[in-house]
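**Student:** This is the structure, below, for whatever I ask next.
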Amino acid sequence: MDYEAAGLLDGLEGEDRAARERLLDRLVDEGFTLEELRQAVQEDRLALLLVERVLGGRYTARQLEQRTGLKAAQMLRIRRLLGLPEASPDDPVFGEEEIQAAQSTRLFLDAGLTAEAIAEITRVLGEGMARLTATTAAAFVDAFLEPGDSEDEVAQRFAAVAGQLIPAIDPVLSAAYKQHLAESVRRGMLSRAEREAGEADRAQEVTVCFVDMVGFTGLGAEIDPRELGSLATKLVELATDVPEPPVRLVKTIGDAAMFVSPEAAPMVKVALALMEAVEAADLPSLRAGVASGTALRSAGDFYGHAVNLASRVTGVARPDSVLCTQEIHDAAPDEFDWSFARKHRFKGMSESVPLYRARRLTDRAAAGQTDRRGAGQAREDETAKKKPKSKADRRRTRAAN
């Protein structure tokens, strides 16, 4: 193949040109076509073609149907649900792993899982895998790209490392999935009503908290994108490290995080702890909103009035504050230093919502609450003294004397 005539060496001289020619020879030997090489050069990804071949597919959906019995159309639908590009029944986009995946899908269907349930699982898997692979790819490049590498050196090293390390990720993923599943079972409950109905009740009473980084959007125009990404990464790390059971992190979205808990007080404690951790890490301020109520659990996420309300409360919270609804305040009246933050009217709600700001109890605030409780008990005791005694009480008093 005349690489120069094909325009594959344009703008290259000396060692860069020689390295490109060596790489092109390897790729031609691997069976890449001239059109594939041209497109890769235009997209500046020629050095990644060998890695693509290591990770790429060998089988079509029709071939998988013949080997596994799972319909080609279903395999292609699963691929779409994973968030992968559209493929035809004759495109070789499936590998050996997909043969086992197809067999597992058949097993799930035969065991009683519905096609809708498998579709929901697949969508969630695709969302998680997209984030995981993006993170893995970035770490891969940082670890194995050397300064001054030629395209040929990058191609050979990346392909070799991918061939060695990619299979090693399987037990890691399997172990993480099993541990998360075990924890989900540990937290789960199976009521009599669910047993009688033969299905899970996905609606549950929860406390929901949203936190977001104040001014994050504006920072995008002021600082380097890599620094902005670093801020989001640090928030994710803290949002993962700070919560303690029964509070758990549901998701992070850029500069925001969502938590759920079956109890109000632990949630407020986590929100306050996260504020403190962010301040200690010298990150931009957070604000938090906490609400409780019924939420629907679906695809690993929560939906419903409590979720919407917590999000809206977060939107009106001031920097460095944890703003809570009346229900949260009433569930833990003595565990925090509360201050009334007036009523707020939110879109779609007919009545104004009373909100309270939660702070940690200081010694003075704790003493004040103790004094208030003591005063209340004293009033109860005084009332008891003045209350007329019954005949039985009078007899016990005479006997004691």
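The values are calculated or read from the model by the stated rules, or taken from the named source; none is laboratory data. Predicted model only: the values in this text are computed from it and were never measured. So basically every Cβ, Gly included, is an ideal-geometry build from the backbone, and we count neighbours across all protein chains shown.
**Student:** Inspect the stretch 91-113 for any residue being part of a helix (DSSP H, G or I) and in contact with an Asp or Glu (Cβ under 8 Å, 6 or more places away or on another chain) and give the result as yes or no.
**Tutor:** Scanning the stretch 91-113, I find no residue that is part of a helix (DSSP H, G or I) and in contact with an Asp or Glu (Cβ under 8 Å, 6 or more places away or on another chain), so the answer is no.
**Student:** How many residues, within the stretch 307-322, are assigned to a helix (DSSP H, G or I) and of a type in the set (Ser, Thr, Tyr)?
**Tutor:** 2
**Student:** Taking only the stretch 281-296 into account, find how many residues are under 19 Å from Glu244 (Cα atoms) and free of Cβ contacts under 8 Å to residues at least 24 places away in the same chain.
**Tutor:** Going through the stretch 281-296 one residue at a time, the tally reaches 0.
**Student:** Right, here's the next one. For the stretch 153-173, give me each residue that is of a type outside the set (A, V, I, L, M, F, W, C), at pLDDT 90 or above and either outside the structural domain of Phe140 (by TED's automatic domain parsing) or closer than 24 Å to Ala101 by Cβ (or both).
**Tutor:** Listed by number, the list holds a single entry, Pro171.
**Student:** Can you tell me which residue among Ala160, Ala155 is in a helix (DSSP H, G or I), without any contact (Cβ under 8 Å) to a residue 60 or more places away in the chain, over 29 Å from the mean Cα position of the chain (by Cα) and surrounded by 14 or more Cβ atoms within 10 Å (Cβ to Cβ)?
**Tutor:** Within the list Ala160, Ala155, the selection yields Ala160.
**Student:** Let me ask you something else. Among the numbered criteria (1) loosely packed, with under 15 Cβ neighbours inside 10 Å; (2) over 29 Å from Val124 (Cβ atoms), which one does Leu23 miss?
**Tutor:** (1)
**Student:** Moving on to the next point. Go through the stretch 333-351 and report how many residues are closer than 16 Å to Ala310 by Cβ and at pLDDT 95 or above.
**Tutor:** Counting residues in the stretch 333-351 that are closer than 16 Å to Ala310 by Cβ and at pLDDT 95 or above gives 1.
**Student:** Could you list all residues from the stretch 340-363 that are of a type in the set (S, T, N, Q), surrounded by fewer than 11 Cβ atoms within 10 Å (Cβ to Cβ) and either part of a helix (DSSP H, G or I) or without any contact (Cβ under 8 Å) to a residue 24 or more places away in the chain (or both)?
**Tutor:** Ser350
**Student:** Still on this structure: Among the residues of the stretch 307-334, count how many are under 13 Å from Val214 (Cβ atoms), free of Cβ contacts under 8 Å to residues at least 40 places away in the same chain and among the β-branched types (Val, Ile, Thr).
**Tutor:** 1
**Student:** Continuing with the same structure: Which of the residues belonging to the stretch 43-83 are in contact with a Leu (Cβ under 6 Å, 6 or more places away or on another chain) and farther than 29 Å from Ser150 by Cα? Please lay out each step first, then the result.
**Tutor:** Within the stretch 43-83, the first condition is being in contact with a Leu (Cβ under 6 Å, 6 or more places away or on another chain), and the residues that meet it are 49, 61, 75.
Across the stretch 43-83, the qualifying residues are Ala61, Met75.
**Student:** Another question, then. So, in the stretch 211-227, of the ones that are farther than 27 Å from Val307 by Cα and not in a loop (DSSP other than H, G, I, E, B), which residue ends up modelled with the lowest pLDDT?
**Tutor:** Out of the qualifying residues, it is Pro225.
**Student:** Has the stretch 104-119 got any residue that is assigned by TED's automatic domain parsing to the domain that holds Ile166, closer than 24 Å to Leu165 by Cβ and within 25 Å of the chain's Cα centre (by Cα)?
**Tutor:** No; the residues of the stretch 104-119 include none that is assigned by TED's automatic domain parsing to the domain that holds Ile166, closer than 24 Å to Leu165 by Cβ and within 25 Å of the chain's Cα centre (by Cα).
**Student:** Working carefully through the options Asp334, Asp320, Asp255, find the one that is of a type outside the set (Gly, Ala, Ser) and within 30 Å of Leu82 (Cα to Cα). If you could, list the steps in order and put the result at the bottom.
**Tutor:** Values: Asp334 fails: within 30 Å of Leu82 (Cα to Cα); Asp320 fails: within 30 Å of Leu82 (Cα to Cα).
Exactly one residue qualifies, and that residue is Asp255.
**Student:** Return yes when Arg62 is within 30 Å of Leu23 (Cβ to Cβ), more than 29 Å from the chain's Cα centre (by Cα) and assigned to a helix (DSSP H, G or I) and no when it is not.
**Tutor:** Judged against the criteria, Arg62 is not a match.
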